[in-house]
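Below you'll find the structure, written out as C-alpha coordinates, and then a few comments.
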Amino acid sequence: MPPSGGFDAIKYKRNLPLRGPSGIVILGGVTALCAYGFYRVGKGNLEKRELEREKVWSRIHLVPLLLAEGDRDAYRRQQAALAREKEIMKDVPGWEAGKSVYNNPKYRPGEWVVVL
Amino acid sequence: MSGRYHDPSEAAQPYSDPTPLPNNVPKVQELGATSAPLKSAAFFLGAYCKDYNEDFMLCKSENRDPEHCLKEGRRVTRCAIDLISKMRDSCAAEFEQHWSCLEKHNQEYYPCRTPERTLNKCMFEKFGLVKTIPGSPEGKTPIHEVRNPVFTGVQK
(Lines give C-alpha, C1' and ligand atoms only; values in the text may rest on other atoms or scores of the structure.)
Protein backbone atom coordinates (compact mmCIF):
# COMPACT_ATOMS: atom_id res chain seq x y z
CA MET A 1 0.00 0.00 0.00
CA PRO A 2 1.36 3.47 -0.78
CA PRO A 3 1.87 5.78 2.15
CA SER A 4 -0.72 8.42 2.80
CA GLY A 5 -0.14 11.44 0.62
CA GLY A 6 1.57 9.36 -2.02
CA PHE A 7 5.25 8.59 -2.68
CA ASP A 8 7.99 11.25 -2.61
CA ALA A 9 8.97 12.71 -5.94
CA ILE A 10 11.76 10.72 -7.61
CA LYS A 11 15.12 12.54 -7.35
CA TYR A 12 16.37 12.61 -10.90
CA LYS A 13 17.44 16.28 -11.34
CA ARG A 14 21.21 17.02 -11.34
CA ASN A 15 22.38 18.81 -8.19
CA LEU A 16 25.29 21.03 -9.28
CA PRO A 17 25.92 23.90 -6.84
CA LEU A 18 27.98 26.91 -8.03
CA ARG A 19 31.65 25.83 -8.12
CA GLY A 20 33.25 29.25 -8.06
CA PRO A 21 34.66 31.30 -10.93
CA SER A 22 35.37 29.57 -14.20
CA GLY A 23 38.76 28.45 -15.40
CA ILE A 24 39.07 31.39 -17.77
CA VAL A 25 38.44 33.86 -14.95
CA ILE A 26 41.01 32.21 -12.66
CA LEU A 27 43.58 32.03 -15.44
CA GLY A 28 42.96 35.63 -16.38
CA GLY A 29 43.14 36.74 -12.77
CA VAL A 30 46.40 34.95 -12.11
CA THR A 31 47.88 36.32 -15.30
CA ALA A 32 46.85 39.86 -14.38
CA LEU A 33 48.26 39.49 -10.88
CA CYS A 34 51.55 38.14 -12.22
CA ALA A 35 51.74 40.93 -14.78
CA TYR A 36 51.28 43.55 -12.10
CA GLY A 37 53.87 41.82 -9.91
CA PHE A 38 56.44 41.78 -12.69
CA TYR A 39 55.71 45.43 -13.44
CA ARG A 40 56.47 46.27 -9.81
CA VAL A 41 59.62 44.14 -9.89
CA GLY A 42 60.78 46.00 -12.98
CA LYS A 43 60.11 49.35 -11.39
CA GLY A 44 61.84 48.17 -8.23
CA ASN A 45 64.91 47.09 -10.18
CA LEU A 46 65.18 50.52 -11.80
CA GLU A 47 64.73 52.12 -8.42
CA LYS A 48 67.31 49.86 -6.80
CA ARG A 49 69.81 50.98 -9.41
CA GLU A 50 69.19 54.63 -8.56
CA LEU A 51 69.41 53.93 -4.82
CA GLU A 52 72.74 52.25 -5.37
CA ARG A 53 73.90 55.24 -7.40
CA GLU A 54 72.85 57.56 -4.58
CA LYS A 55 74.72 55.48 -2.00
CA VAL A 56 77.87 55.28 -4.09
CA TRP A 57 77.89 59.03 -4.73
CA SER A 58 77.38 59.83 -1.09
CA ARG A 59 80.54 57.82 -0.41
CA ILE A 60 82.43 59.38 -3.30
CA HIS A 61 81.68 62.83 -1.91
CA LEU A 62 83.17 61.81 1.43
CA VAL A 63 86.36 60.27 0.03
CA PRO A 64 88.51 63.47 -0.02
CA LEU A 65 87.55 64.36 3.54
CA LEU A 66 88.29 60.92 4.98
CA LEU A 67 91.43 60.50 2.89
CA ALA A 68 92.77 63.86 4.05
CA GLU A 69 92.21 62.91 7.67
CA GLY A 70 93.80 59.50 7.15
CA ASP A 71 96.76 61.03 5.34
CA ARG A 72 97.52 63.36 8.21
CA ASP A 73 97.50 60.43 10.59
CA ALA A 74 99.60 58.29 8.26
CA TYR A 75 102.12 61.11 7.87
CA ARG A 76 102.32 61.55 11.63
CA ARG A 77 103.00 57.82 12.12
CA GLN A 78 105.56 57.82 9.32
CA GLN A 79 107.48 60.66 10.88
CA ALA A 80 107.34 58.99 14.30
CA ALA A 81 108.62 55.72 12.83
CA LEU A 82 111.40 57.58 11.05
CA ALA A 83 112.50 59.28 14.26
CA ARG A 84 112.41 55.95 16.05
CA GLU A 85 114.50 54.31 13.35
CA LYS A 86 117.05 57.13 13.47
CA GLU A 87 117.30 56.74 17.22
CA ILE A 88 117.74 52.96 17.07
CA MET A 89 120.21 52.91 14.16
CA LYS A 90 122.29 55.92 15.14
CA ASP A 91 125.35 53.74 15.95
CA VAL A 92 125.30 51.91 12.62
CA PRO A 93 127.54 53.68 10.14
CA GLY A 94 126.16 54.20 6.64
CA TRP A 95 122.56 53.55 7.62
CA GLU A 96 120.04 55.81 5.95
CA ALA A 97 116.86 55.93 7.99
CA GLY A 98 113.68 55.63 5.96
CA LYS A 99 115.50 54.63 2.79
CA SER A 100 113.43 52.46 0.46
CA VAL A 101 114.78 49.05 -0.48
CA TYR A 102 113.58 49.68 -4.03
CA ASN A 103 115.30 51.81 -6.61
CA ASN A 104 112.03 53.46 -7.52
CA PRO A 105 111.08 57.01 -6.54
CA LYS A 106 107.37 56.14 -6.64
CA TYR A 107 105.69 56.29 -3.24
CA ARG A 108 104.90 52.97 -1.65
CA PRO A 109 103.28 52.62 1.76
CA GLY A 110 105.23 50.89 4.49
CA GLU A 111 104.97 47.12 4.54
CA TRP A 112 104.92 46.86 8.29
CA VAL A 113 103.95 48.86 11.36
CA VAL A 114 105.24 48.82 14.89
CA VAL A 115 102.56 48.04 17.43
CA LEU A 116 103.43 50.01 20.52
CA MET B 1 109.70 47.92 22.82
CA SER B 2 110.11 44.20 22.33
CA GLY B 3 112.20 42.53 19.70
CA ARG B 4 109.55 40.24 18.32
CA TYR B 5 107.36 41.21 15.37
CA HIS B 6 103.72 41.78 16.32
CA ASP B 7 101.05 41.53 13.71
CA PRO B 8 98.94 44.68 14.20
CA SER B 9 95.77 42.78 13.32
CA GLU B 10 96.38 40.44 16.26
CA ALA B 11 97.40 43.12 18.73
CA ALA B 12 95.58 43.21 22.05
CA GLN B 13 95.34 46.99 22.00
CA PRO B 14 94.72 49.15 18.91
CA TYR B 15 97.77 50.41 17.11
CA SER B 16 98.27 53.88 18.45
CA ASP B 17 101.25 56.16 18.31
CA PRO B 18 101.12 59.10 20.70
CA THR B 19 103.74 61.14 18.81
CA PRO B 20 102.14 64.38 17.59
CA LEU B 21 102.51 65.82 14.09
CA PRO B 22 105.84 67.55 13.46
CA ASN B 23 105.76 71.25 14.26
CA ASN B 24 106.43 72.37 10.69
CA VAL B 25 102.99 71.06 9.65
CA PRO B 26 100.23 73.57 10.41
CA LYS B 27 97.64 72.16 12.78
CA VAL B 28 94.08 71.73 11.69
CA GLN B 29 91.14 70.71 13.78
CA GLU B 30 89.71 67.35 12.76
CA LEU B 31 86.06 67.23 11.78
CA GLY B 32 85.18 64.57 14.33
CA ALA B 33 81.71 63.80 12.94
CA THR B 34 80.61 60.18 12.95
CA SER B 35 79.35 58.32 9.91
CA ALA B 36 75.64 59.18 10.08
CA PRO B 37 76.07 63.00 10.15
CA LEU B 38 78.69 62.66 7.42
CA LYS B 39 76.35 60.58 5.30
CA SER B 40 73.53 63.02 5.90
CA ALA B 41 75.73 65.93 4.81
CA ALA B 42 77.55 64.04 2.03
CA PHE B 43 75.82 65.58 -0.98
CA PHE B 44 76.05 69.09 0.45
CA LEU B 45 79.72 68.54 1.23
CA GLY B 46 80.17 67.44 -2.37
CA ALA B 47 78.46 70.58 -3.64
CA TYR B 48 79.87 73.09 -1.15
CA CYS B 49 83.50 71.88 -1.13
CA LYS B 50 83.64 70.82 -4.77
CA ASP B 51 86.70 72.91 -5.67
CA TYR B 52 88.74 71.87 -2.65
CA ASN B 53 87.76 68.21 -3.03
CA GLU B 54 88.69 68.12 -6.69
CA ASP B 55 91.94 69.91 -6.01
CA PHE B 56 92.81 67.36 -3.35
CA MET B 57 91.93 64.38 -5.51
CA LEU B 58 93.94 65.78 -8.44
CA CYS B 59 96.86 66.22 -6.07
CA LYS B 60 96.44 62.63 -4.87
CA SER B 61 96.44 61.38 -8.45
CA GLU B 62 99.78 63.15 -8.89
CA ASN B 63 101.36 61.34 -5.97
CA ARG B 64 99.96 58.95 -3.39
CA ASP B 65 102.44 60.03 -0.73
CA PRO B 66 100.53 61.37 2.32
CA GLU B 67 103.10 64.12 2.62
CA HIS B 68 102.41 65.43 -0.86
CA CYS B 69 98.84 66.65 -0.30
CA LEU B 70 98.80 67.77 3.33
CA LYS B 71 98.03 71.38 2.36
CA GLU B 72 95.13 70.48 0.08
CA GLY B 73 93.89 68.06 2.72
CA ARG B 74 93.78 70.81 5.33
CA ARG B 75 91.71 72.92 2.98
CA VAL B 76 89.27 70.04 2.48
CA THR B 77 88.91 69.54 6.23
CA ARG B 78 88.50 73.25 6.91
CA CYS B 79 85.81 73.50 4.26
CA ALA B 80 83.98 70.50 5.73
CA ILE B 81 84.16 71.97 9.24
CA ASP B 82 82.84 75.24 7.85
CA LEU B 83 79.85 73.56 6.21
CA ILE B 84 79.01 71.32 9.16
CA SER B 85 79.12 74.22 11.62
CA LYS B 86 76.96 76.30 9.27
CA MET B 87 74.48 73.43 9.06
CA ARG B 88 74.46 73.19 12.83
CA ASP B 89 73.78 76.90 13.08
CA SER B 90 71.03 77.19 10.50
CA CYS B 91 69.44 73.77 10.02
CA ALA B 92 70.26 72.12 13.34
CA ALA B 93 66.89 70.45 13.95
CA GLU B 94 66.49 69.14 10.40
CA PHE B 95 70.07 67.91 10.30
CA GLU B 96 69.77 66.18 13.64
CA GLN B 97 66.51 64.54 12.65
CA HIS B 98 67.90 63.26 9.37
CA TRP B 99 71.09 61.81 10.73
CA SER B 100 69.40 60.17 13.69
CA CYS B 101 66.97 58.63 11.22
CA LEU B 102 69.92 57.34 9.19
CA GLU B 103 71.43 55.99 12.37
CA LYS B 104 68.23 54.13 13.11
CA HIS B 105 67.75 52.75 9.60
CA ASN B 106 71.10 51.12 8.91
CA GLN B 107 72.34 54.32 7.26
CA GLU B 108 70.16 53.85 4.21
CA TYR B 109 68.69 56.90 2.55
CA TYR B 110 65.42 55.42 1.32
CA PRO B 111 63.64 54.94 4.69
CA CYS B 112 64.48 58.54 5.67
CA ARG B 113 62.97 60.53 2.83
CA THR B 114 60.70 62.67 5.01
CA PRO B 115 63.43 64.17 7.23
CA GLU B 116 65.69 64.31 4.18
CA ARG B 117 63.24 66.50 2.28
CA THR B 118 62.93 68.98 5.13
CA LEU B 119 66.73 69.10 5.40
CA ASN B 120 67.12 69.56 1.63
CA LYS B 121 64.55 72.34 1.71
CA CYS B 122 66.30 74.09 4.59
CA MET B 123 69.70 73.75 2.92
CA PHE B 124 68.36 75.19 -0.30
CA GLU B 125 66.69 78.11 1.44
CA LYS B 126 69.66 78.96 3.67
CA PHE B 127 72.66 78.19 1.48
CA GLY B 128 71.29 77.50 -2.00
CA LEU B 129 72.77 74.00 -1.93
CA VAL B 130 70.88 71.39 -3.95
CA LYS B 131 71.32 67.64 -3.70
CA THR B 132 72.08 66.28 -7.15
CA ILE B 133 73.12 62.72 -7.92
CA PRO B 134 75.53 62.73 -10.86
CA GLY B 135 74.75 60.25 -13.60
CA SER B 136 71.09 59.68 -12.80
CA PRO B 137 68.98 59.29 -15.96
CA GLU B 138 67.89 62.57 -17.49
CA GLY B 139 64.23 63.52 -17.73
CA LYS B 140 63.31 61.34 -14.77
CA THR B 141 62.58 62.38 -11.21
CA PRO B 142 65.74 61.87 -9.17
CA ILE B 143 65.36 59.04 -6.69
CA HIS B 144 65.32 61.28 -3.62
CA GLU B 145 62.33 63.22 -4.97
CA VAL B 146 60.14 60.29 -6.07
CA ARG B 147 56.81 60.68 -4.29
CA ASN B 148 55.64 57.07 -4.31
CA PRO B 149 58.65 54.77 -4.44
CA VAL B 150 58.60 50.97 -4.53
CA PHE B 151 61.14 50.68 -1.74
CA THR B 152 60.05 52.26 1.49
CA GLY B 153 60.98 51.41 5.03
CA VAL B 154 59.18 48.38 6.45
CA GLN B 155 58.08 50.46 9.40
CA LYS B 156 57.06 54.00 8.75
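The values are calculated or read from the model by the stated rules, or taken from the named source; none is laboratory data. Keep in mind the model is a prediction, meaning the values are calculated, not measured. So basically every Cβ, Gly included, is an ideal-geometry build from the backbone, and we count neighbours across all protein chains shown. These area figures cover heavy atoms from the full protein model, side chains too; ligands, DNA and RNA do not enter into them. Shrake-Rupley method; radii C 1.70, N 1.55, O 1.52, S 1.80 Å.
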Compare A:Arg84, A:Arg40, A:Arg19 in a GNM of chain A, Cα atoms joined below 10 Å, and give the one with the largest fluctuation.
A:Arg19
In whole Hz, what ³J(HN,Hα) sequence does the stretch A:10-16 give by Karplus (6.51, -1.76, 1.60; θ = phi - 60°), x for Gly and Pro?
6, 7, 10, 6, 5, 10, 10
So, with points 7 Å from each Cα along the Cβ direction, the B:Val130-A:Lys48 label distance in nm works out to 3.1 nm
Give me a comma-separated list of calculated 3J(HN,Hα) values for the stretch B:129-137, in order, Karplus coefficients 6.51, -1.76, 1.60 applied at θ = phi - 60°, integers in Hz, x for any Gly or Pro.
8, 10, 7, 10, 9, x, x, 6, x
Modelled FRET efficiency - R0 22 Å, A:Leu33 with B:Thr141, Cβ distances, 0.05 increments
0.20
As a quick test, which of the pairs A:Lys48/A:Lys106; A:Lys99/B:Lys39; B:Lys71/B:Lys104; A:Lys106/B:Lys104; A:Lys106/B:Lys50 have an alpha carbon distance above 32 angstrom in this structure?
A:Lys48/A:Lys106; A:Lys99/B:Lys39; B:Lys71/B:Lys104; A:Lys106/B:Lys104
Under 14 Å from B:Lys126, Cα to Cα: aspartates and glutamates that are on another chain or at least 8 residues apart
B:Asp89, B:Glu94
Rounded, prolate or oblate: pick one for the protein assembly as shown, where a ≥ b ≥ c are the square roots of the eigenvalues of its C-alpha gyration tensor, a/c under 1.5 means rounded, and failing that, prolate if a/b is larger than b/c, else oblate.
prolate
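Can you pull the percent of chain A's accessible area that's carbon plus sulfur, 1.4 Å probe, other chains left in place?
Working: 5960 of 9580 Å².
Taking all protein chains in place, chain A shows 62 percent carbon and sulfur surface.
For chain A, what does the helix formula give at 222 nm: sum of -39500 (n - 2.57) over DSSP H segments with n ≥ 4, over the residue count, nearest 500 deg cm²/dmol?
Details: 1 runs with 66 residues, N = 116.
-21500 deg cm²/dmol, from helical runs alone.
Heavy atoms only, 1.4 Å probe, whole protein assembly: order B:Ser61, B:Ser100, B:Ser40 by accessible area, highest first. Don't skip to the answer; put the middle values down first.
Working: B:Ser61 90, B:Ser100 50, B:Ser40 5 Å².
If we order B:Ser61, B:Ser100, B:Ser40 from most to least accessible, we get B:Ser61, B:Ser100, B:Ser40.
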How much accessible area does B:Glu62 have with a 1.4 Å probe, in Å² rounded to the nearest 10?
140 Å²
Quick shape check on chain B: root eigenvalues a ≥ b ≥ c of the Cα gyration tensor, a/c under 1.5 is rounded, otherwise prolate if a/b tops b/c, else oblate, and it reads prolate
Three-way shape call for the stretch B:22-112 based on the alpha-carbon gyration tensor, with the a/c threshold at 1.5
prolate
Any idea how far apart B:Asp82 and A:Leu66 come out in nm if each label point goes 7 Å out from Cα toward Cβ?
2.4 nm
Angle in degrees between helix B:113-127 and the longest Cα principal axis of chain B, rounded to the nearest 10:
80 degrees
What nm value, rounded to one decimal, do you get for the distance between B:Gln13 and A:Trp95 when each label is placed 7 Å out toward the C-beta?
2.5 nm
Contour minus Cα-Cα distance for B:Val25 and B:Glu54 (0.36 nm per residue):
8.2 nm
In the stretch B:7-67, the trypsin sites (Lys or Arg not before Pro) that sit in a DSSP loop and have at most 10 other Cβ atoms within 10 Å of their own Cβ are B:Lys27
Pairs of Cα atoms under 8 Å, at least six residues apart: use those to get the relative contact order of the stretch B:4-113, whole percent.
30 percent
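Send over a whole-number figure in Å² for the accessible area per residue of the stretch B:33-131, probe 1.4 Å. Provide the component values of the computation, followed by the final result.
On the way: 4920 Å² over 99 residues.
Each residue of the stretch B:33-131 exposes 50 Å² on average to a 1.4 Å probe.
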Kindly provide the GluC sites (Glu not before Pro) of the stretch A:18-116 that DSSP labels as loop, not H, G, I, E or B, and whose Cβ sees at most 12 other Cβ atoms within 10 Å.
A:Glu96, A:Glu111
